[in-house]
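Some notes on the structure that comes next.
The values are calculated or read from the model by the stated rules, or taken from the named source; none is laboratory data. Everything numeric here is computed off the predicted structure, so don't read it as measured data. Methodologically, a virtual Cβ is constructed for each residue, glycine included, from the backbone with ideal geometry; neighbour enumeration extends over all protein chains shown.
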Amino acid sequence: MIASLPMYDRPETAAANDRLWQGVRERLGQGPEHLTRGGDLWAQWQSPDLILSQTCGLPYRARLHGRVNLVATPVCDLPDCPDGHYCSVFVARADDPRADVRDFAGTVLAYNEPLSQSGWAAPQAFAAAHGLAFGPTLRTGAHALSARAVAEGRADIAALDALTWRMIARHDGFARDLRVIGRTDPTPALPYITAAGRDPAPIRAALSDALAALSARDRDTLGLRGMTRLSEESYLALPIPDPPAADLG
C-alpha cells in the first residue's frame, strides 16, 4: 500500500506530515507505516495500491481524472481565498522597480513545470485575461527553484503556489530578496486522491478527523485549517493551457 503527501513536503514540514498520516492510518485501520517520499509520482498516483496522496489540479484534469478517486480538498490558511481554494502569487526581485505584473510582459518567467496549475496554468490565465504575454520561459522543476531563479536574476518573475510561498518566506533565506507584486484568481486547491478502485468515503472520514486532531502548531506548519469537498466539475472546468513553446537553456 502507498501513502504520500508530496505537494507541501519539505524538511521543515515533514514531521507534521508524518503526524497527519499517522492520524489517518490509526483512524482508517490500514495503510503503510510510513509515507512514501521520492520516486515516480505518476506511478504512485495511478497505482491500485494507493491509499492516499495529494496531486495538483492540472494533473488531475489533464491526466488523472477517471484514473483516481477524489477524496477531499484542503482548506488552506490563505485569508484571501475561499474555503477549498488557493491562488498563485507573483514574485519579483525586491529591488525591481516594476510594481505591477503587467509591467513584466515580455520578460523571463520562471515556472516549475507545464502540468502545474499554480506555476504555469494560473499565470497563463492571468496573462490572457489582461491581454499580455510573458516572454522567454525558464523551467526549474520546483516552486522554490523558480523563486530562487528570480532572486538570483536568472528570471524576472515567477508565479508560485501561495501556500508554498508562505513556506519559502518562512524557511528560505533568499526570500528576503523577493516581494509579492500580484495574485491570480483563486482556483480549487490541490486535491487529496485515492486509487480508482478504492472507496474514498472511509479515507475522507479518517482524513477529516486526523486534520481536526492536529495540534495548532502542526496546522500552522502545514498551513491547513481543515478540509472540504469540491466536485470533479470544479476542477475540470478550468482550461488546460498549451505547454511552453521552448525554454531557456
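Restricting P202, P243 to residues that are touching a Leu at 6+ places or on another chain (Cβ under 9 Å), closer than 21 Å to E113 by Cβ and either of a type in the set (D, E, K, R) or in contact (Cβ under 8 Å) with a residue 24 or more places away in the chain (or both) narrows the list to P243.
If you go through segment 94-108 one residue at a time, how many are of a type in the set (G, A, S) and in contact (Cβ under 8 Å) with a residue 40 or more places away in the chain?
2
When T73 is tested against the conditions (1) out of contact with any helix residue (DSSP H, G or I) (no Cβ under 6 Å at 6 or more places or on another chain); (2) assigned by TED's automatic domain parsing to the domain that holds P136, the lone failure is (2). Can you go through Q22, Q54 and tell me which one is of a type in the set (S, T, N, Q), closer than 26 Å to P123 by Cβ and out of contact with any Cys (no Cβ under 7 Å at 6 or more places or on another chain)? Of Q22, Q54, the one residue that is of a type in the set (S, T, N, Q), closer than 26 Å to P123 by Cβ and out of contact with any Cys (no Cβ under 7 Å at 6 or more places or on another chain) is Q54.
Taking the stated definitions as given, is A92 surrounded by fewer than 22 Cβ atoms within 10 Å (Cβ to Cβ) and either touching a Phe, Trp or Tyr at 6+ places or on another chain (Cβ under 9 Å) or more than 30 Å from G197 (Cβ to Cβ) (or both)? No. Checking the structure you have, find out if any residue of segment 34-54 is assigned by TED's automatic domain parsing to the domain that holds S208, under 14 Å from L207 (Cα atoms) and not in a strand (DSSP E or B). So far as segment 34-54 goes, no, none of its residues is assigned by TED's automatic domain parsing to the domain that holds S208, under 14 Å from L207 (Cα atoms) and not in a strand (DSSP E or B). Please state which of the following conditions L132 fails to meet, knowing it meets all the rest: (1) surrounded by 18 or more Cβ atoms within 10 Å (Cβ to Cβ); (2) of a type in the set (A, V, I, L, M, F, W, C); (3) touching a residue at least 24 places away in the same chain (Cβ under 8 Å). Of the numbered conditions (1) surrounded by 18 or more Cβ atoms within 10 Å (Cβ to Cβ); (2) of a type in the set (A, V, I, L, M, F, W, C); (3) touching a residue at least 24 places away in the same chain (Cβ under 8 Å), the odd one out for L132 is (1).
In segment 109-129, what count of residues is obtained for those that are within 19 Å of D247 (Cβ to Cβ) and in contact with a Ser or Thr (Cβ under 7 Å, 6 or more places away or on another chain)?
Within segment 109-129, residues that are within 19 Å of D247 (Cβ to Cβ) and in contact with a Ser or Thr (Cβ under 7 Å, 6 or more places away or on another chain) number 9.
Output yes when any residue across segment 73-85 is of a type in the set (D, E, K, R) and modelled with pLDDT under 95, and no when none is.
Our first condition is that a residue be of a type in the set (D, E, K, R); within segment 73-85, this holds for 77, 80, 83.
Subsequent filtering for residues that are modelled with pLDDT under 95 retains 80.
Within segment 73-85, one or more residues are of a type in the set (D, E, K, R) and modelled with pLDDT under 95.
Selection of helices (runs of 4 or more DSSP H) fully inside segment 186-249 by the criterion of at least 1 residues being farther than 17 Å from R19 by Cβ and assigned by TED's automatic domain parsing to the domain that holds P11 returns 200-213, 232-236.
Listed here are the residues, each with its yes/no results for (1) within 17 Å of the chain's Cα centre (by Cα); (2) without any contact (Cβ under 8 Å) to a residue 60 or more places away in the chain.
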| residue | (1), (2) |
| --- | --- |
| T13 | yes, no |
| L20 | no, no |
| V24 | no, no |
| Q30 | no, yes |
| E33 | no, yes |
| W42 | yes, yes |
| S47 | no, no |
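Look at (1) closer than 18 Å to L222 by Cβ; (2) buried (at least 19 other Cβ atoms within 10 Å of the Cβ) and you find that Q22 fails only one, number (2).
Can you tell me which residue is nearest to R63 (Cα to Cα) among those in segment 109-127 that are touching a residue at least 60 places away in the same chain (Cβ under 8 Å), over 12 Å from the mean Cα position of the chain (by Cα) and surrounded by fewer than 24 Cβ atoms within 10 Å (Cβ to Cβ)? Here the answer is P114. Checking every residue in segment 160-170 against the condition of being in contact with a strand residue (DSSP E or B) (Cβ under 8 Å, 6 or more places away or on another chain) and farther than 22 Å from R10 by Cα gives zero matches.
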